[in-house]
1. Restricting attention to the range 71-99, which residues are open to solvent by 70 Å² or more (accessible area, probe 1.4 Å) and in a helix (DSSP H, G or I)?
2. Just need a number here: residues in the range 18-42 that are in a helix (DSSP H, G or I), among the acidic types (Asp, Glu) and open to solvent by 70 Å² or more (accessible area, probe 1.4 Å).
3. Go over the candidates ASN102, ASN186, ASN166 one by one and state the one that is assigned to a loop (DSSP other than H, G, I, E, B), over 20 Å from TYR45 (Cβ atoms) and open to solvent by 50 Å² or more (accessible area, probe 1.4 Å).
4. Are any residues in the range 130-142 part of a helix (DSSP H, G or I) and either among the hydrophobic types (A, V, I, L, M, F, W, C) or at pLDDT 90 or above (or both), and if so, which ones?
5. Which residues, counting only those in the range 10-40, are closer than 14 Å to LEU112 by Cβ and either at pLDDT 95 or above or touching a His at 6+ places or on another chain (Cβ under 8 Å) (or both)?
6. Open to solvent by less than 20 Å² (accessible area, probe 1.4 Å), touching a residue at least 60 places away in the same chain (Cβ under 8 Å) and among the polar types (S, T, N, Q), is that true of THR174?
7. Test GLY65 against the stated conditions and say whether it is touching a residue at least 40 places away in the same chain (Cβ under 8 Å), open to solvent by 30 Å² or more (accessible area, probe 1.4 Å) and part of a loop (DSSP other than H, G, I, E, B).
8. Within the range 43-53, track down each residue that is within 19 Å of ILE29 (Cβ to Cβ) and either open to solvent by 10 Å² or more (accessible area, probe 1.4 Å) or part of a loop (DSSP other than H, G, I, E, B) (or both).
Amino acid sequence: KRGVNMVRHHGHINPEPNQQINQVNEKEIDALQKLVAVMKEEGIYTTFSPFWATSSAGANWGIEGHSNGALFTLLFWDPTLQKAYKGWIKEALTRPNPYEKNKLPLGKDPALAIFQIQNEDSFLFWTTQNLKGPELARLQAIYDAWRKEKGKGPSPLAIRFWELGNPTQDHKDTMHFLTETMRKFNAE
């Protein structure tokens, strides 16, 4: 009756930097469960956005080449972060919801209408310019292996390709690699 039928919840369900990477943010999961249950009672659906790349990793998280700080682009290609992320999501979506009358887990509750895999990060977004040092070297090695599979030699990643007016074939290969990498993660 108020014209609202959906709300979006941005949550950082990943652990705090001082926790272990395989833990979750219990307060955020609790807040999400409560929100979905309360909104459901009012006939309002929820969109859940569980991860922003601005989340900070701790030095103890074990992400190769990433000592701490924001996690820009890593979700698309770093296996350590991907494994942890899947664990965080599983925890958030499979726990019985203590605020819902039937204790229905969020993953089975139609009131949780949309699951946004991640928010405001992409290889096609400005966040790629944050790739430097060991992280960029790791991604470059993955890119070189991808090029080798295609019968091509090494070439530097053009991670600021949006500034290019007339891209070269190497820049087009970078775009192909980056979009294929993101799609593979999202499809998984």
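1. The answer is PRO79, LYS83, LYS86, LYS90, GLU91, THR94.
2. Going residue by residue through the range 18-42, those that are in a helix (DSSP H, G or I) are 26-41.
If we keep only those that are among the acidic types (Asp, Glu) too, we end up with 26, 28, 30, 41.
This time we only want the ones that are open to solvent by 70 Å² or more (accessible area, probe 1.4 Å), so: 26, 41.
So the count comes out to 2.
3. Values: ASN102 fails: over 20 Å from TYR45 (Cβ atoms); ASN186 fails: assigned to a loop (DSSP other than H, G, I, E, B).
Within the list ASN102, ASN186, ASN166, the selection yields ASN166.
4. So the first thing to find is which residues in the range 130-142 are part of a helix (DSSP H, G or I), and the list is 130, 133-142.
Answer for the range 130-142, where residues must be part of a helix (DSSP H, G or I) and either among the hydrophobic types (A, V, I, L, M, F, W, C) or at pLDDT 90 or above (or both): GLY133, PRO134, GLU135, LEU136, ALA137, ARG138, LEU139, GLN140, ALA141, ILE142.
5. If the condition is that a residue be closer than 14 Å to LEU112 by Cβ and either at pLDDT 95 or above or touching a His at 6+ places or on another chain (Cβ under 8 Å) (or both), then ILE29, ALA31, LEU32, GLN33, LYS34, LEU35, VAL36, ALA37, VAL38, MET39, LYS40 are the ones that fit.
6. no
7. Details: touching a residue at least 40 places away in the same chain (Cβ under 8 Å): yes; open to solvent by 30 Å² or more (accessible area, probe 1.4 Å): yes; part of a loop (DSSP other than H, G, I, E, B): yes.
Judged against the criteria, GLY65 is a match.
8. Step one: filter the range 43-53 for residues within 19 Å of ILE29 (Cβ to Cβ), giving 45-52.
TYR45, THR47, PRO50, PHE51, TRP52, listed by residue number.
The values are calculated or read from the model by the stated rules, or taken from the named source; none is laboratory data. No experiment lies behind these values; they were computed from the predicted model shown. So basically every Cβ, Gly included, is an ideal-geometry build from the backbone, and we count neighbours across all protein chains shown. Surface areas here come from the heavy atoms of the whole protein model, side chains and all, with no ligands, DNA or RNA. Shrake-Rupley method; radii C 1.70, N 1.55, O 1.52, S 1.80 Å.
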